[in-house]
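Chemist: Could you have a look at this structure, given as structure tokens, before my questions?
What follows is calculated from the coordinates using simple rules that are stated; it is not laboratory data. The shown structure was predicted, so the numbers you read here are calculated from the model rather than taken from an experiment. Neighbour counts are summed over all protein chains in view; Cβ atoms, including those assigned to glycine, are modelled from backbone coordinates with ideal geometry.
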Amino acid sequence: MSDLRELYQEVILDHNRRPRNYHAIDHPSRTARGHNPLCGDRLTLYLTLDNDRITDVGFEGSGCAISKASASLMTEAVKGKTVSEATSLFSRFHELVTTPPDLPAKTEGLGKLAVFAGVREYPARVKCASLAWHTLKNAVEAADDVAKTEDETR
Ligand code: ZN
């Protein structure tokens with residue numbers, strides 16, 4: 001695990017220093033806010049949806065390095081994906097960060113997000129790492145409520 005731990009530190013530092021997609025979006029399809037009171041992390045997420053594809057995503061906020069790095073990596077990971085692909089990525093991410101650290105991490109299909117296996121060493125930080133994903137889920141679920149169409153195939 002020590003390689004993964006080093007990579008984790010490196011990726012967190014990089015994305016905290018230079019967060020990707022760190023900007024508001026003009027006329028977003030959806031906006032959602034996330035707050036993690038345990039740590040004080042706050043973020044606002046902006047999504048542009050084209051049918052059910054996430055064509056653009058950005059965020060703003062303040063919080064600890066892990067919450068910011070996680071939001072940055074999340075936006076990179078879901079941009080261009082469909083809502084259902086993004087939701088399934090969230091399930092895999094959630095499983096990764098909530099698997100006890102003494103069990104092997106299931107990282108297939110997670111790409112760079114796999115480094116968050118390292119957050120399991122710091123249980124208090126799991127909520128920081130998950131905040132952006134929960135906010136994404138709220139954003140896309142709200143979109144469903146508002147923009148429910150006759151397309152029932154998904
Ligand atoms: Zn935090």
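Chemist: Give me the log10 of I(q) over I(0) for the chain at q = 0.12, 0.15, 0.16 Å⁻¹, as the Debye formula computes it from C-alpha points; what are the numbers?
Modeler: -0.48, -0.74, -0.83
Chemist: Only Cα pairs under 8 Å and at least 6 apart count here; give the relative contact order of the chain as a rounded whole percent.
Modeler: Once divided by the residue count of the chain, the mean separation gives 26 percent.
Chemist: Step through the table entries Lys79/Lys106; Lys68/Lys127; Lys79/Lys112; Lys106/Lys137; Lys79/Lys137; Lys68/Lys106, compare each Cα-Cα distance with 19 Å, and write down the pairs that go over it.
Modeler: Over 19 Å Cα-Cα: Lys79/Lys106; Lys106/Lys137; Lys68/Lys106.
Chemist: Would you please give the FRET efficiency between Ser91 and Arg53, computed as 1/(1 + (r/R0)^6) with r the Cβ-Cβ distance and R0 = 22 Å, to the nearest 0.05?
Modeler: Given R0 = 22 Å and the Cβ-Cβ separation, E is 0.75.
Chemist: Quickly work out the Arg17-to-Ala65 label distance, labels modelled 7 Å from Cα along the C-beta direction, and quote it in nm with one decimal.
Modeler: Between Ala65 and Arg17, the simple spin-label model gives 1.0 nm.
Chemist: Report, in debye and to the nearest 20, how large the dipole of the chain comes out about its Cα centre when Lys and Arg carry +1 and Asp and Glu carry -1 on their Cβ.
Modeler: Here the size comes out at about 460 debye.
Chemist: In addition: Taking the Cα-to-Cβ direction at Cys39 and at His27 and moving 7 Å from each Cα, how far apart do the two end points lie in nm?
Modeler: The two pseudo-label positions are separated by 3.5 nm.
Chemist: Starting with the highest mean, order 47-58, 63-74, 20-31 by the number of other Cβ atoms within 10 Å, averaged over the residues of each peptide.
Modeler: 63-74, 47-58, 20-31
Chemist: Who wins for biggest fluctuation among Glu141, Glu121, Glu108 in a Gaussian network model of the chain, springs between alpha carbons below 10 Å?
Modeler: Highest fluctuation of the listed residues: Glu108.
Chemist: In terms of modelled amide H atoms, which long-range or inter-chain residues lie less than 5 Å from the amide H of Thr55?
Modeler: Placed amide hydrogens put Thr48, Leu49, Asp50, Gly80 under 5 Å from Thr55.
Chemist: Using label points projected 7 Å from each Cα along Cα→Cβ, tell me how many nm separate Glu108 and Gln9, to one decimal.
Modeler: Distance between label points: 3.1 nm.
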